[in-house]
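What follows is a single structure, written as structure tokens, with notes after it.
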Amino acid sequence: MNHAETIENDKGDIKLVRLSYIDHKSEAYIEFNKIMHHNYPDQYLSWDNADFIFGKFYKFLKRWKNGRMKKKDEEKFKDIWPILTDDVVRELTEMLEFALEKEWYEFKE
């Protein structure tokens, strides 16, 4: 049986989703339901690269929280930059940390 699990922020406009398949494989993606995709204006922006979400994006969120952002961060995350506030960063960080606790992603060595 296939199933999905979702973690949402308080407003429900950002969702972290895990799809699990019958063969025990799974995928994670994140939806930003306030931001329209620039190439597909009738769809919301989503990222489906778990390595990027739990790697580079998670590290960026931690840098933001610690006040240690890099010069390239705004350019790298320009698609979602307009919605980022300290509260949104905190929620995203908590969402990703909860997903990691639930073993939605395993870091590659």
| remark: Restricting the stretch 68-109 to residues that are among the aromatic types (Phe, Trp, Tyr) and within 23 Å of Leu19 (Cα to Cα), the one surrounded by the fewest Cβ atoms within 10 Å (Cβ to Cβ) turns out to be Phe107
| field | Selection status of Lys65, surrounded by 10 or more Cβ atoms within 10 Å (Cβ to Cβ), touching a Ser or Thr at 6+ places or on another chain (Cβ under 9 Å), more than 21 Å from Glu106 (Cα to Cα) and among the charged types (D, E, K, R) | value | yes
| request: Please enumerate the residues belonging to the stretch 33-52 that are touching a residue at least 40 places away in the same chain (Cβ under 8 Å), touching a helix residue (DSSP H, G or I) at 6+ places or on another chain (Cβ under 7 Å) and either farther than 15 Å from Ile80 by Cα or not basic (Lys, Arg) (or both). | output: Ile35
| said: Suppose we filter the stretch 33-51 for residues that are in a helix (DSSP H, G or I) and loosely packed, with under 13 Cβ neighbours inside 10 Å; how many remain? | reply: 1
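Go through the stretch 62-109 and count every residue that is polar (S, T, N, Q) and either in a helix (DSSP H, G or I) or within 20 Å of Leu45 (Cβ to Cβ) (or both).
Total meeting the criteria: 2.
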| message | Go through the stretch 2-32 and report how many residues are of a type in the set (Gly, Ala, Ser) and assigned to a loop (DSSP other than H, G, I, E, B). | response | 1
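Taken together, the values in this text are just the output of simple stated rules run on the coordinates, not laboratory data. Quick caveat: nothing in here was measured; it's all calculated off a predicted structure. With ideal geometry, Cβ positions are generated from the backbone for all residues, glycine too; neighbour counts draw on all protein chains shown.
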